[in-house]
Each structure stands twice: as structure tokens, then as C-alpha cells.
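The structure appears below as C-alpha cells.
Throughout, read-outs are computed from the coordinates displayed, never taken from laboratory work. Source: prediction; values computed, not measured. A quick note on method: Cβ atoms are made from the backbone with ideal geometry, for glycine too, and the neighbour counts reach across all protein chains shown.
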Amino acid sequence: MNLTRFAKARHATKSFDPARKIPAAVIDELKELIRFSPSSVNSQPWHFVVAQSDAARARVAKSMQPGYAYNEAKVTRASHVLVLCVRKDMDEAHLNAVLEQEAADGRFASDEAKTVQQNTRGFYVNLHRERDDLSAWMEKQAFLALGTLLIGASTLEIDACPMEGFDAKALDEELGLAERGLTSIVVVGLGYRSADDFNAKLPKSRLSAEAVFTELV
Ligand SMILES: Cc1cc2nc3c(=O)[nH]c(=O)nc-3n(C[C@H](O)[C@H](O)[C@H](O)COP(=O)(O)O)c2cc1C
């Protein structure tokens, strides 16, 4: 597979065809893809809200008013919308849940190996807590899932638009995320481009390879 082809074929979709819906099996594949995203020390500090029905997407779209109205139709006309969330804190309950999942999945040959993993994860969590950048660290992990989702969608011929243009506080309130210890960080519209999607016709633009790579010799 030539993965670069999919990276170049995808684009931030500015207008979706509201008549076309993504098959459930494809959505399931995308969900599985992001569930398997890597994260530092397997911390998995994320949660994903999937909105499919008109009513569900309308709830998400409310957070685009008034300041981000240009993004509203990308939610209301999409087939599905995914809200990427992160935890507000990396609490003991979550750390234990991850550790027990790893144990159940057969990651530890001994109790000692389990303790080593627990301590390693705890070290990094504490490091970021001390540096006062725990939230930013968790968001970085969730952005890996975003990148995985965007390239994965392209391979499945699904169009997508990632959006930071929304009122996170309003969306957290609408979806009851704060009570669940979560906050929204990115909204992604998923579906199929419509004929009036101007961005599909524009050439892609990236800085040159010379500008973004340094080859050490
Ligand atoms: C984290 C993130 C936030 C973005 N927010 C928005 C947004 O609010 N609205 C929008 O139309 N596009 C948004 N974009 C799309 C970018 O503008 C787009 O990815 C970038 O210009 C590169 O173009 P391409 O994705 O078509 O290759 C966002 C992209 C990312 C990765």
C-alpha cells in the first residue's frame, strides 16, 4: 500500500453531502482504529463521542454558535461526527483500569512485571503533573488518535474535517462531559464531500521537504 497516496488524497472537507451516510461497518472500523492508537505509557487518556442522528449532530453543532458559525454545516451535513475528548485528570481509577486491562490482555508474565509497568506509568504522570502540563500531555496523546483517524478515513475513502473551531465549554455542558471528568478538544465531521466542497478542488499545500527535514550526516 502506498500510504502517501492517501495522505495526499485527503483534505479538510468544507462541505459534506447530507444525503450520503457512512455504512456502520466502516464506522466500526474507524472506531477500532482510534481505539488502537498509541499513547505514551499506554495512558489512553481519551474518550470519543460519536454523533450520528440529526438530533445528536445538532447538539454538537450548537457549540459552533455564535463564534464558529462557519463550522456549523460541517457538523449538520456530515454523516457522523466524532468528538475527541480527554480526561481532566489522570486519576488513580483510570490508571488502575489501564493496568488491569493490560493484565487481562496478558501483558504481564509476573506480578513484578505488572508493578514495573505501574511504576513507569506513574513516573510519567507525576512528571507531567509536577511540570504542570498534564492536560497538554494528555491532549498530545489524543491528537495521535486524530492523526490516525484522518489518515485511516482516507484509506477507507471517507472524507473528514477536523475542527478546533467550536466552544469547548458549551459542548462540554451540552454533552455532560465535565461530570464524567472529560473535556472536548476536537470535533471531526465524517462523511462524503459534496459537489460544492471548494477545498476538494484546491491544490494541497505544504512546506517543502528541505524546510521541514534536517538530514544528519
Ligand atoms: C487540529 C485541527 C483543527 C482544525 N480546525 C479547523 C476548523 O475549525 N475548521 C476548518 O474548516 N478546518 C479546520 N482544520 C483543517 C485545517 O485547516 C487543514 O487540515 C489544513 O489547512 C491542511 O489542509 P488539508 O487538511 O486539507 O490537507 C483543522 C485541522 C486540524 C488538524
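What separates the Cα centres of region 148-168 and region 1-70 is a distance of 5 Å.
Using the Cα gyration tensor of the chain, with a ≥ b ≥ c the square roots of its eigenvalues, what is the shape: rounded (a/c below 1.5), prolate (a/b larger than b/c) or oblate (neither)? The shape class here is prolate. A simple spin-label model places pseudo-atoms 7 Å from Cα toward Cβ; at residue 180 and residue 101 they are separated by 1.4 nm. Once the Cβ-Cβ distance of residue 111 and residue 89 is raised to the sixth power relative to R0 = 30 Å, the FRET efficiency obtained is 0.65. Please find the FRET efficiency linking residue 127 to residue 213, where r is the Cβ-Cβ separation and R0 is fixed at 35 Å, and quote it to the nearest 0.05. Working from the Cβ atoms, E equals 0.75.
Across region 63-76, rounded Karplus estimates of 3J(HN,Hα) from the backbone phi angles (6.51 cos²θ - 1.76 cosθ + 1.60, θ = phi - 60°) give 6, 8, 9, x, x, 10, 4, 4, 9, 4, 5, 5, 9, 6 Hz, Gly and Pro being marked x. With the charge dipole of region 1-104 set up from +1 on Lys and Arg Cβ and -1 on Asp and Glu Cβ about the Cα centre, the Cα lying farthest toward the positive end among the listed residues 16, 41, 94 is that of 16. Region 92-147 to region 179-217: how many Å between their Cα centroids? Value for the Cα centre distance between the two parts: 28 Å. Across the cross-link table entries 88/169; 14/140; 140/201; 14/204; 88/140; 14/201, which are compared at the Cα atoms, the separations over 20 Å belong to 14/140; 140/201. A Förster distance of 35 Å, applied to the separation of the beta-carbon atoms of residue 200 and residue 136, puts the FRET efficiency at 0.60. Taking each DSSP H run with n ≥ 4 as -39500 (n - 2.57) and averaging over every residue of the chain yields -14000 deg cm²/dmol at 222 nm.
Among the DSSP helices (H) of the chain, those spanning at least 27 angstrom by Cα along their long axis with an average Kyte-Doolittle hydropathy of -1.0 or more are 134-155; this is a geometric and hydropathy rule only.
Does region 115-217 come out rounded, prolate or oblate by the C-alpha gyration tensor, with a ≥ b ≥ c the root eigenvalues, rounded set by a/c under 1.5 and, if not, prolate when a/b is larger than b/c and oblate if not? In terms of gyration-tensor shape, oblate.
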